[in-house]
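Remarks on the structure that follows.
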Amino acid sequence: MAKRRRSWLAACVLVAGVVSSTSSAMAQGAAGKAPAPADPKAAPAGAGPAAAPTPTPAPSPADAEKDAAKLFEDGKKAAKANQWEKARDAAAAAFKLKPDPAFALVLGQGELRTGKPRDAAEHLDLFLRDAKNATADEKFVAQKALDEAKTKVGAWYLKVNVDGADVILDGKTVGRTPLPAPLYLDPGNHELEVKKFGFQSGQEQIAAGPGNGYETEVTLAQAAAPPPDKPADVKPKEPKEEPPPPPPPSPQWRTYGMIGGGALTVLGLGLGVGLTVAANGKSDDADAQLAAIVRLTPNTMGLCGATAFAGNKAACAELKNTLSSQDAYANGAMVGYVIGGVAALGTVGLFLLPKLPFGRKLMGVNIVPVVGKEQTGGVLVGSF
């Protein structure tokens, strides 16, 4: 049994190697071709049209103002209860919806009490500067909180000789000159750049310390006018090279041959695999039948044949039929693998035909059918 199985297994491995090399050749040929552009409107196979996401409508100005007022009241209540994180978050949300300087007092107090003195200083300064309806008590509280925040950060007072210049602090644009307030800095090293179109940019560096104030004057010089462009040397136009002629279209016989070869490859391999599975099943049946014969035969008698045990006659006949079926399936599988392998080689040959000099000549050959009263056939049209 093992000898029979090794024979058709070796055939399977041989044909699988042929098919594997065939797939590699086809992949290398296909690598030289540019992939066809995907259709952006095409939907995936089996899927319906994709539903467009529904955009979230922006709140109206009236709704935004109403929401901001409610958030600010929540922040004030949280501040009175010394719930500073809650107060900071509510005031920040209100300020985002409506950047009203009146919201900056609660926001700055919350930031100061939660370890963000630089943000607190910016918002408290904004409140004192732009909150027109602030009461004297609110201004007193804001000034006291701002003085406390300044002891934890540095304050950089910047003067620039040009208005409308961009001020960039540590890579982030923070405003345009003239700045309405100093730049509040966390302790540490900072880099400043001031630039405006038509002027040379200015750079400054500072090592800020807590509670310190710094004054810097930046003078931007007018940028020099670029030299006039030199007239470019006029070169005579070179004659355009004619593009090479397009390759001849693939003849129909090559297309049909590749389609038929691919189908025959799949059919042959499918037949081989199916018959291989059937042969395996018959081999297992034969092993089981032989084991049963051995188990029922006395030691002094033969299994099958002239000296066989008389009770084994029917079992031996069944075993013979099983072995015959196994051989038939194995032979059929071999034929299927051979057909699939030959068809695969032919398909690859047709696919690679345009890459060979002789193949490119054959690409211009077509078969023209001829049908008449007295004759029916075809005519080869082209040159070899």
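The values are calculated or read from the model by the stated rules, or taken from the named source; none is laboratory data. Just so we're clear, the structure is a prediction, and the values are computed from it rather than from any experiment. Reconstructed Cβ throughout: ideal geometry from the backbone, glycine too, with neighbour counts over all protein chains shown. To get the accessible areas, we keep the full protein, side chains included, count just its heavy atoms, and leave off ligands, DNA and RNA. Shrake-Rupley method; radii C 1.70, N 1.55, O 1.52, S 1.80 Å.
The table for this structure:
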{"item": "Most to least accessible of Lys240, Lys282, Lys132 (protein chains only, probe 1.4 Å)", "result": "Lys240, Lys132, Lys282"}
{"item": "Solvent exposure of the range 146-245 as accessible area per residue, Å², 1.4 Å probe", "result": "73 Å²"}
{"item": "Listed residues Leu169, Leu303 arranged by accessible area, highest first, probe 1.4 Å", "result": "Leu303, Leu169"}
{"item": "Chymotrypsin sites (Phe, Trp or Tyr not before Pro) restricted to the range 148-209 and DSSP loop, no more than 15 other C-beta within 10 Å", "result": "Phe197"}
{"item": "Dipole of the range 145-228, positive end: most advanced residue of Val162, Gln200, Pro226 [Cβ charges, Cα centre]", "result": "Pro226"}
{"item": "Of Lys80/Lys172; Lys66/Lys152; Lys70/Lys139, those spanning more than 28 Å from alpha-carbon to alpha-carbon", "result": "Lys80/Lys172; Lys66/Lys152"}
{"item": "Low-density loop cleavage sites - GluC sites (Glu not before Pro) in the range 146-244, where at most 16 other Cβ are within 10 Å (DSSP)", "result": "Glu241"}
{"item": "Residue order for Lys196, Lys159 - accessible surface, 1.4 angstrom probe, largest first", "result": "Lys159, Lys196"}
